[in-house]
Amino acid sequence: MSIESQALSSRRADWHGLPRSRLWLSRNNSRRRRKRAIKNKAINSGQSAIGDVEPTADLNRNGVEEISNDLRRLLADVFALYLKTKNFHWHMSGHHFRDYHLLLDEQAQQIFTMTDDIAERARKIGGNTLHSISEISKHQRLKDDNRESVRPEDMLAGLCTDNRELTRFLRMSHKICEEHNDVASASLIESWIDETERRTWFLSEAVRDH
Ligand SMILES: [Fe+2]
């Protein structure tokens, strides 16, 4: 380094011996760390799903919190249903193996597509969403099925009940969105209700065979 650039660099350094740009970065990082710690505390308490983004348009913070809390529960249920549908797709057996195996794969794909839209909807309005598998198990309302062996008709009947239950949760979510005039979330939920009712219809018709 030339003598001129050494002199310039020492003029830019403050009393910590750090260049000012680095000192500014370090202060900014510690402010960001404090802010993140406060936010994580709220998230870990399990009650708040509000993010650090300002609420959009005419949604107030209360609306953002209520809707994103609800979307988080919904997302946990949808992940639980996705895995259960895949579980039964993998463990299907019997005379109708091929039909049921394919039906459940198709349904699982449709359910999985919902997950990204639910999570991103929460982020769009300024809320937070799930971070991990442990959060899914904490927030899910639909029950897992860890049985080693399940009869095909029980698999279909169980999924049929779960999809009906999911429709009920979606209707409750729709009501919350309506209360806060969140028409975009409500509109997405309407499509998910239609898809969920279609899955229920197919499953209930398949169960009728037995
Ligand atoms: Fe598969």
Residues being closer than 14 Å to GLU66 by Cα and part of a helix (DSSP H, G or I): count how many of those fall in the stretch 171-210. 10
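Just for the stretch 158-210: of the residues that are aliphatic (A, V, I, L, M) and free of Cβ contacts under 8 Å to residues at least 40 places away in the same chain, which one is surrounded by the fewest Cβ atoms within 10 Å (Cβ to Cβ)?
VAL183
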Take the residues in the stretch 101-144 that are in a loop (DSSP other than H, G, I, E, B) and surrounded by fewer than 17 Cβ atoms within 10 Å (Cβ to Cβ), then tell me which one is nearest to the ligand (Cβ to nearest atom). ASP144
Close pairs (6 angstrom Cβ cut-off, 6 or more residues apart or separate chains): in the same structural domain as LEU170 (by TED's automatic domain parsing) in the stretch 78-91, more than 11 Å from the ligand (Cβ to nearest atom) and among the basic types (Lys, Arg) anywhere: none
Note on the stretch 76-95: residues more than 16 Å from the ligand (Cβ to nearest atom) and touching a helix residue (DSSP H, G or I) at 6+ places or on another chain (Cβ under 7 Å) are ALA76, ASP77, VAL78, PHE79, ALA80, LEU81, GLY94
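The values are calculated or read from the model by the stated rules, or taken from the named source; none is laboratory data. These figures come from a predicted structure and were not determined experimentally. For neighbour counting, all protein chains shown are included, and Cβ atoms are generated from backbone atoms with ideal geometry for every residue, glycine included.
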